[in-house]
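Here the structure is laid out as structure tokens; the discussion comes afterwards.
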Amino acid sequence: EEAKSTFDHADFVNFFDTKRYRESYNELPIQFKQGKHWVNGIIDRLVVTDSDVTILDYKTHRIDESDIPQKTEEYRKQMQMYYQGVEKLWPNKP
């Protein structure tokens, strides 16, 4: 029910309506070299339009309000790594 309500929500139509984007990927593995280290991850959903690329990362677990600052930093680092990898694949799209 929760997944369906997200999929059907009007705010997210651009990410799930196939008429609104050129291509999409679910659970997209990504690997790239950053300095001397390899970065590996799995992007939950990636949507490519003619003008941009959007990375979606689902978080389904509940957290306490006191954990929000810590979790925000963890997720920020994860999204930054995804961004760096996607930027290598689509360098001309924001």
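The values are calculated or read from the model by the stated rules, or taken from the named source; none is laboratory data. No experiment lies behind these values; they were computed from the predicted model shown. Cβ: placed from backbone, ideal geometry, glycine included. Neighbour counts: every protein chain shown. Side chains are part of the model used for accessible areas, which takes the heavy atoms of the whole protein and leaves out ligands, DNA and RNA. Shrake-Rupley method; radii C 1.70, N 1.55, O 1.52, S 1.80 Å.
Numbers for the structure displayed
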item	result
Count of the range 1-24 residues which are within 19 Å of residue 60 (Cα to Cα) and either aromatic (Phe, Trp, Tyr) or in a strand (DSSP E or B) (or both)	4
All positions within the range 35-67 that are assigned to a helix (DSSP H, G or I) and either open to solvent by 80 Å² or more (accessible area, probe 1.4 Å) or in contact (Cβ under 8 Å) with a residue 24 or more places away in the chain (or both)	65, 66
Residue match in the range 57-76 (condition: hydrophobic (A, V, I, L, M, F, W, C) and in contact with a strand residue (DSSP E or B) (Cβ under 8 Å, 6 or more places away or on another chain))	no
Total residues in the range 14-30, condition in contact with a helix residue (DSSP H, G or I) (Cβ under 9 Å, 6 or more places away or on another chain) and open to solvent by 50 Å² or more (accessible area, probe 1.4 Å)	2
Test: residue in the range 61-68 that is out of contact with any His (no Cβ under 8 Å at 6 or more places or on another chain) and more than 30 Å from residue 4 (Cβ to Cβ)	yes
Where a residue in the range 78-94 is within 12 Å of residue 43 (Cβ to Cβ) and its partner, wherever it lies, is in a loop (DSSP other than H, G, I, E, B), with Cβ under 8 Å and at least six apart	78/57; 79/57; 82/57
